Amino acid sequence: MPADRDYPGGVCAWKGQRCPSAVVKVAAGSAHDGKRVSVYAIVRCGGRQEKASVDDVLTVDRLAGEVGSTLTLPALLVVDGDNVVSDAAELGGYQVAAEIVGDAKGPKISMIHYKNKTGYRRRQGHRQRYTQVRITGITKGGARAKASSRSTAKTTSAAEA
């Protein structure tokens, strides 16, 4: 039976927080023996791309919806251990489900316009509004593929008429 192994990355003993230089003991024969298991997806939300894994909370531009409602984000890339999926045909089968956790506000930005010797002064402020979403799952399902087959059925029936 193989011996226990040490892997870098874990909770640092003296800082009490995640530290890549800390060493984690992993028992031989466990699910994490030999490699790290990580599943994440690069999703598009609000014109930006975000790295999302299960139970992550992302702060994205304001979305319509109430707290507790669910939404599906389009995946641009999925990494499942050693398997990397970037083909658009294969990505159609992946679903990244998210739940709206709440609203947030960005920092206050103050703008002052001033022109010398004319008495022109303008003051303006801005505070960006955000929505926080929690990633509830990254699944491989055929729901999106079924929707595309329905849309092709509609177009063929419209062409026949």
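Take the residues in the stretch 35-64 that are modelled with pLDDT under 90 and within 17 Å of Ala104 (Cα to Cα), then tell me which one is surrounded by the fewest Cβ atoms within 10 Å (Cβ to Cβ). Within the stretch 35-64, the match that is surrounded by the fewest Cβ atoms within 10 Å (Cβ to Cβ) is Gly46.
Hey, could you check the stretch 107-134 for residues that are under 20 Å from Arg44 (Cβ atoms) and of a type outside the set (A, V, I, L, M, F, W, C) and say which is surrounded by the most Cβ atoms within 10 Å (Cβ to Cβ)? The residue in question is Thr131. Taken over the stretch 52-71, the criterion of being under 14 Å from Thr136 (Cβ atoms) and within 11 Å of the chain's Cα centre (by Cα) is satisfied by Ala52, Ser53, Val54, Asp55, Asp56, Val57, Leu58. Of all residues in the stretch 71-91, those that are more than 12 Å from Val43 (Cα to Cα) have Cβ atoms under 6 Å from Cβ atoms of residues that are modelled with pLDDT of 90 or more and part of a strand (DSSP E or B), 6 or more apart or on another chain, in Leu71/Ala98; Val85/Val78.
The values are calculated or read from the model by the stated rules, or taken from the named source; none is laboratory data. This structure is a prediction, so every number in the text was calculated from the model and none was measured. When we count neighbours, we look across all protein chains shown, and the Cβ atoms used for this are built from the backbone with ideal geometry, even at glycine.
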